[in-house]
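A.B. asks: Have a look at this one before I ask anything.
Every read-out reported here was derived from the displayed coordinates using simple, explicitly stated rules and does not represent laboratory data. Just so we're clear, the structure is a prediction, and the values are computed from it rather than from any experiment. Positions of Cβ are backbone-derived with ideal geometry, glycine not excepted, and every protein chain shown enters the neighbour counts.
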Amino acid sequence: MLGRIVRIIEVFGPDTPALGVSELARRADLHVATASRLVERLVGYGWLQRDADRKVRIGVRLWELASRASPTLPLREAAMPYLEDLHAVVRHHTQLAVLDGDEVLFLERLSARHAVINLTRIAGRLPLHASSSGEVLLAHAPAELQERVLSGPLPAYTRFTVTDPKVLRARLADIRRDGYALCPGYIDERATGVAVPVRGPGGAVVAALGVVVPNDDNARATIPALRATALGIARSLTQ
């Protein structure tokens, strides 16, 4: 039963925030009657809730538990004042991300109304090779994870996304040496991602701090501010 419940919960995402029971059952690969019975129980516990049109979405109770117990909460709380200061300077998207499995998971994103396009979302994921935050995290990941990513599919989002393992391997070495990743047009040709590592106690990389700015000659100018902000977050984590 636990496995079935997990399959139901994992159906929901940024592109599927609410679903009818039949569609939910199809996506979770469950019989409609089974899905309907489990949904009713989860609604009773507050883990799911029903809209006026009878569609189902994640409930407030589940969000509350996840937010309260998240192991990333101390990192996010330590970083938020610095993210806000950086966002005030950059005036585009500012985001904090961590490594989760073979993907980059975005914990926070601050945006401005007229900021350049950005496809990342809070609690959204991307492949590690496809963004500046992902490349920073991959560059400092264990060797076995690097090799797994380099040997696997490297899908392209645009013509500028790095999909050649040899090129990506060289980029990871450059990121470790230079301390930043600059990714013009990787996700959208109008935007450039720039990211630096955030180090925790002992010097290990625990997160990536990034901005998404217009794809022009000014993108590189954000690197000093990113580095200063990452240093502030690192100091806050050691206090």
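A.B. asks: When the scattering of the range 16-156 is computed by the Debye formula from its Cα atoms alone, each counted once and equally, what is log10 I(q)/I(0) at q = 0.16 Å⁻¹?
C.D. replies: The Debye formula, applied to the Cα set alone, gives -1.04.
A.B. asks: A follow-up question, please. If I model a spin label as a point 7 Å beyond the Cα along the Cα-Cβ vector, how far apart are those points for residue 176 and residue 84 in nm?
C.D. replies: 3.7
A.B. asks: Now for a separate question. If I model a spin label at residue 72 and residue 52 as a point 7 Å from the Cα along the Cα→Cβ vector, what separation in nanometres do I get?
C.D. replies: 3.3
A.B. asks: Another question, then. Cα gyration tensor of the range 70-238, axes a ≥ b ≥ c as square roots of the eigenvalues: rounded (a/c below 1.5), prolate (a/b > b/c) or oblate? Kindly include the intermediate steps, with their values, before the conclusion.
C.D. replies: Details: a/c = 1.56, a/b = 1.14, b/c = 1.38.
In terms of gyration-tensor shape, oblate.
A.B. asks: With 10 angstrom as the radius, rank 98, 56 by how many other C-beta atoms surround their C-beta, starting from the fewest.
C.D. replies: 98, 56
A.B. asks: Now for a separate question. Taking a label point 7 Å from the Cα of residue 32 along the Cα→Cβ vector, which residues of the range 48-80 have an amide N closer than 16 Å to it?
C.D. replies: Answer for this model: 54-56.
A.B. asks: Cα extents of the range 2-67 along the three principal axes, largest first, in whole Å?
C.D. replies: Largest first, the range 2-67 extends 30, 27, 22 Å along its Cα principal axes.
A.B. asks: Something else now. Where does the chain land at 222 nm, in deg cm²/dmol rounded to the nearest 500, when only DSSP H runs of n ≥ 4 count, each adding -39500 (n - 2.57), divided by all residues?
C.D. replies: Helices in the chain give a 222 nm mean residue ellipticity of -14000 deg cm²/dmol.
A.B. asks: Okay, next question. In debye to the nearest 20, how big a dipole does the range 70-238 give about its Cα centre with +1 on each Lys and Arg Cβ and -1 on each Asp and Glu Cβ?
C.D. replies: 160
A.B. asks: Filter the trypsin sites (Lys or Arg not before Pro) in the range 1-94 down to the DSSP loop ones having no more than 16 other Cβ atoms within 10 Å, then list what survives. Walk me through the intermediate numbers first.
C.D. replies: Working: sites: 4, 7, 26, 27, 37, 41, 50, 54, 55, 57, 61, 68, 76, 91; in loops: 54, 55, 91.
Answer by residue number: 54, 55, 91.
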